[in-house]
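Asker: After the structure tokens below, expect a handful of questions from me.
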Amino acid sequence: MSQVNAADFRIISSADDVIENYAGAGQDAKMGVEVELAFFDPAVPDLPSMNVAQNEALSAEGTARYKGDWIRIEPTAETMEINSAACTFDKLPKILADTQDKIGKLTALAAEMGLKRSFFSDLPDKTHLELLQNVVNVDRYEAFFKPPREDMMDIAAYFSVCKSNQVSVSYRDPDHMLGNVRRLYALAPFLFMMSDNTSGFAEGQPVTYHHGMHYRRHLHGRGGCPCYVFSAQSGEEYLDAHIHHVMNNPLYVYYDEAGILHRIPSGVWMTMNTLKEQGLNTASNFHLSESILWPDVKLAALKNKDEQVVAHRYEARMFGVGLHQHNSAALIVGALAFDEDFAAKIDELLASFGFDFAKEEETRLLVRESYMAAYQHNNQYFEIAYGNGRMSDFAQRFADILEGAADKHDFSEMAAPILKICRSGMTDAKVNHLLLPTLQDVRDLQKSYDPALFENPYKCNADIFADRLKNAA
């Protein structure tokens, strides 16, 4: 979750006061990856999640041992996030090597403390109520969730249960941003399914839907796909609509004139516009409001060394966590942003499935229906509707286009898991579902799997469980 400079007291009255920070990075556009990892104690029978004391110890030791600020804590104590270096797309191998190195260091350090990374994107047997008993000792997160407001339990559940990979791009200019944001929203149902590494259980109960999408649906106006994705006629118009969204986003906390964070009582909401009455329509509160919007493709601030917001990035947030997902997510999002030929071919593929943003209402409906089909997949995985076709057919054609782009850039090894998943239909979640029919099977795998599996990010679950899948068949 994005942090905010509490002491930025510049007054923000309209889009004119912030629009310069959305102009784009020009030819210096870069990308980076964030990975959220969930940890638990494998030595205790009920596999308790990492608690606050363990989280603090892991964070402190990691920061002291490895320096830098790439280890980030999240609202609930079982989760820690690593941030990669930011580089240009041609340096993608460097980004991914850095990401893999940091994941390895954090998980090895956790193992020294008797903790183990979850094999899955999440902790399938833990409820949001259990996880919310371990909110970390950070003012921002305590104000949000300790305890959650009665009218914010859905948001609290999302932040405690769901983990993801996020890929950020500091876009070149507003139109570059809009083109990529639209592609990613049209692709989102497919990308959610392709990268899913859940187990078929959520909060200890069997589910037949994509539970990451389930929790995101409860973010309501803070999440999902904003309406102006379809209506904006230009990047500038999209940014105007986004800033209007930020100015009117209901706040449940705010910064006062001294930079102190205050929690608003349950049932009461404020916005940047209502804060004007108190003279608190500050840059801190504007960026706070922006930080508590969590659509599937988020606009988020970029700061300088003095913690001043100087630019923005878009952040694709629909990727699960597992063996290959950080590689796969970065390859896809990076190629869409910086390989014009690949992006054009994907646009043609999307259009052949009915996703044509020149046809606003038709595409809005198809995106909505495709989201719902992926969310309520009923263990059908790629065998669902997508646009005006089938997701399995889209996946095959997507793989062919991606393979050509990966070969061109010499990224073939990192594309291998995506190609296998797209051509076989064996998503990581489908493999988990086939091999782990009970919650006890899920727990047994958590306890027994060898963490060395994660040292090779060029494999998917169908690779590492190939023999078990043959026996299951």
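Asker: Restricting to segment 58-75, what's the tally of residues that are within 18 Å of the chain's Cα centre (by Cα), among the β-branched types (Val, Ile, Thr) and either within 30 Å of Ala406 (Cβ to Cβ) or in a helix (DSSP H, G or I) (or both)?
Answerer: The first filter runs over segment 58-75 and keeps only residues within 18 Å of the chain's Cα centre (by Cα), leaving 70-75.
The next check asks that each one be among the β-branched types (Val, Ile, Thr); those that pass are 71, 73.
From the residues that got through so far, the ones that are either within 30 Å of Ala406 (Cβ to Cβ) or in a helix (DSSP H, G or I) (or both) too are none.
Matching residues across segment 58-75 total 0.
Asker: Which one is nearest to Ser170 (Cα to Cα) among residues in segment 318-350 that are assigned to a loop (DSSP other than H, G, I, E, B) and not β-branched (Val, Ile, Thr)? Walk me through how you get there before you give the answer.
Answerer: First pass over segment 318-350, keeping only residues assigned to a loop (DSSP other than H, G, I, E, B): 320-324, 339.
Remaining after also requiring not β-branched (Val, Ile, Thr): 320, 322-324, 339.
On the way: Gly320: 22, Gly322: 25, Leu323: 26, His324: 23, Asp339: 15 Å.
Out of the qualifying residues, it is Asp339.
Asker: Answer yes if at least one residue in segment 438-446 is out of contact with any strand residue (DSSP E or B) (no Cβ under 7 Å at 6 or more places or on another chain), exposed (fewer than 14 other Cβ atoms within 10 Å of the Cβ) and not β-branched (Val, Ile, Thr), and no otherwise.
Answerer: yes
Asker: If you don't mind, there's one more thing I want to ask. Examine segment 76-92 for a residue that is part of a loop (DSSP other than H, G, I, E, B) and loosely packed, with under 15 Cβ neighbours inside 10 Å, and state whether such a residue exists.
Answerer: So in segment 76-92, the residues part of a loop (DSSP other than H, G, I, E, B) come out as 77-78, 84-86, 88.
Next, only the ones that are loosely packed, with under 15 Cβ neighbours inside 10 Å stay: none.
No: zero hits.
Asker: What single numbered condition from (1) part of a helix (DSSP H, G or I); (2) in contact with a His (Cβ under 9 Å, 6 or more places away or on another chain); (3) buried (at least 18 other Cβ atoms within 10 Å of the Cβ) fails to hold for Ala143?
Answerer: Condition not satisfied by Ala143: (3).
Asker: Do you know which of the residues in segment 169-183 that are crowded, with 24+ Cβ neighbours inside 10 Å and not aromatic (Phe, Trp, Tyr) is nearest to Tyr22 (Cα to Cα)?
Answerer: To start, the set of residues in segment 169-183 that are crowded, with 24+ Cβ neighbours inside 10 Å comprises 169, 171, 177, 181.
Going one step further and asking which of them are not aromatic (Phe, Trp, Tyr), we end up with 169, 177, 181.
Details: Val169: 13, Met177: 10, Val181: 14 Å.
So the residue we want is Met177.
Asker: May I ask you to list the residues in segment 13-56 that are of a type in the set (Ser, Thr, Tyr), out of contact with any Leu (no Cβ under 8 Å at 6 or more places or on another chain) and part of a helix (DSSP H, G or I)? Walk me through it before giving the result.
Answerer: Here is the first cut: in segment 13-56, the ones of a type in the set (Ser, Thr, Tyr) are 13-14, 22, 49.
So of that shortlist, the ones also out of contact with any Leu (no Cβ under 8 Å at 6 or more places or on another chain) come out as 13-14.
Selection gives nothing.
Asker: On the basis of being in contact with a strand residue (DSSP E or B) (Cβ under 9 Å, 6 or more places away or on another chain) and surrounded by fewer than 19 Cβ atoms within 10 Å (Cβ to Cβ), does Glu236 make the cut? Outline the logic, then answer.
Answerer: Working: in contact with a strand residue (DSSP E or B) (Cβ under 9 Å, 6 or more places away or on another chain): no; surrounded by fewer than 19 Cβ atoms within 10 Å (Cβ to Cβ): yes.
In short, no.
Asker: Among the residues of segment 56-71, are any in contact with a Ser or Thr (Cβ under 7 Å, 6 or more places away or on another chain), without any contact (Cβ under 8 Å) to a residue 60 or more places away in the chain and of a type outside the set (Phe, Trp, Tyr)?
Answerer: So the first thing to find is which residues in segment 56-71 are in contact with a Ser or Thr (Cβ under 7 Å, 6 or more places away or on another chain), and the list is 71.
After this cut, where a residue has to be without any contact (Cβ under 8 Å) to a residue 60 or more places away in the chain as well, the list is 71.
Then drop every residue that is not of a type outside the set (Phe, Trp, Tyr), which leaves 71.
Yes, some residue in segment 56-71 is in contact with a Ser or Thr (Cβ under 7 Å, 6 or more places away or on another chain), without any contact (Cβ under 8 Å) to a residue 60 or more places away in the chain and of a type outside the set (Phe, Trp, Tyr).
Asker: Any idea which residue in segment 447-473 is surrounded by the most Cβ atoms within 10 Å (Cβ to Cβ), counting only those that are basic (Lys, Arg) and over 25 Å from Ala108 (Cα atoms)? Show your work before the answer.
Answerer: Initially, segment 447-473 is screened for residues basic (Lys, Arg), giving 447, 459, 468, 470.
Next, from what is left, pick out any that are over 25 Å from Ala108 (Cα atoms): 468, 470.
Values: Arg468: 13, Lys470: 8.
Among those that are basic (Lys, Arg) and over 25 Å from Ala108 (Cα atoms), it is Arg468.
Asker: Kindly establish whether Asn432 is surrounded by 21 or more Cβ atoms within 10 Å (Cβ to Cβ), modelled with pLDDT of 95 or more and at negative phi. Reasoning before the result, please.
Answerer: Working: surrounded by 21 or more Cβ atoms within 10 Å (Cβ to Cβ): yes; modelled with pLDDT of 95 or more: yes; at negative phi: yes.
Answer is yes for this residue.
Let's see how each residue does on (1) closer than 30 Å to Pro148 by Cβ; (2) of a type outside the set (A, V, I, L, M, F, W, C); (3) crowded, with 16+ Cβ neighbours inside 10 Å:
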{"site": "Gln3", "(1), (2), (3)": "yes, yes, no"}
{"site": "Val18", "(1), (2), (3)": "yes, no, yes"}
{"site": "Met31", "(1), (2), (3)": "no, no, yes"}
{"site": "Phe40", "(1), (2), (3)": "yes, no, yes"}
{"site": "Glu56", "(1), (2), (3)": "yes, yes, no"}
{"site": "Thr63", "(1), (2), (3)": "yes, yes, no"}
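Asker: Consider Tyr381 carefully, then state whether it is in contact (Cβ under 8 Å) with a residue 40 or more places away in the chain, within 22 Å of Phe353 (Cα to Cα) and outside any helix (DSSP H, G or I). It would help to see each step written out before you state the result.
Answerer: Working: in contact (Cβ under 8 Å) with a residue 40 or more places away in the chain: yes; within 22 Å of Phe353 (Cα to Cα): yes; outside any helix (DSSP H, G or I): yes.
Considered against the rule, which asks whether it is in contact (Cβ under 8 Å) with a residue 40 or more places away in the chain, within 22 Å of Phe353 (Cα to Cα) and outside any helix (DSSP H, G or I), Tyr381 comes out as yes.
Asker: Considering only residues that are among the charged types (D, E, K, R), in a helix (DSSP H, G or I) and in contact (Cβ under 8 Å) with a residue 40 or more places away in the chain, which ones fall in segment 207-259?
Answerer: Filtering segment 207-259 for residues among the charged types (D, E, K, R) gives 216-217, 222, 236-237, 240, 256-257.
Add one more test, that the residue is in a helix (DSSP H, G or I), and what stays is 216-217, 222, 236-237, 240.
Correct list: Arg216, Arg217, Arg222, Glu236, Asp240.
Asker: Going through segment 270-292 one residue at a time, which ones are part of a helix (DSSP H, G or I) and surrounded by fewer than 20 Cβ atoms within 10 Å (Cβ to Cβ)? Give the steps one after another, and end with the answer.
Answerer: First, the residues of segment 270-292 that are part of a helix (DSSP H, G or I): 272-278, 283-291.
Asn273, Thr274, Lys276, Glu277, Gln278, Ser291, listed by residue number.
The values are calculated or read from the model by the stated rules, or taken from the named source; none is laboratory data. Owing to the predicted nature of the structure, the values given are computational and were not obtained by experimental measurement. When we count neighbours, we look across all protein chains shown, and the Cβ atoms used for this are built from the backbone with ideal geometry, even at glycine.
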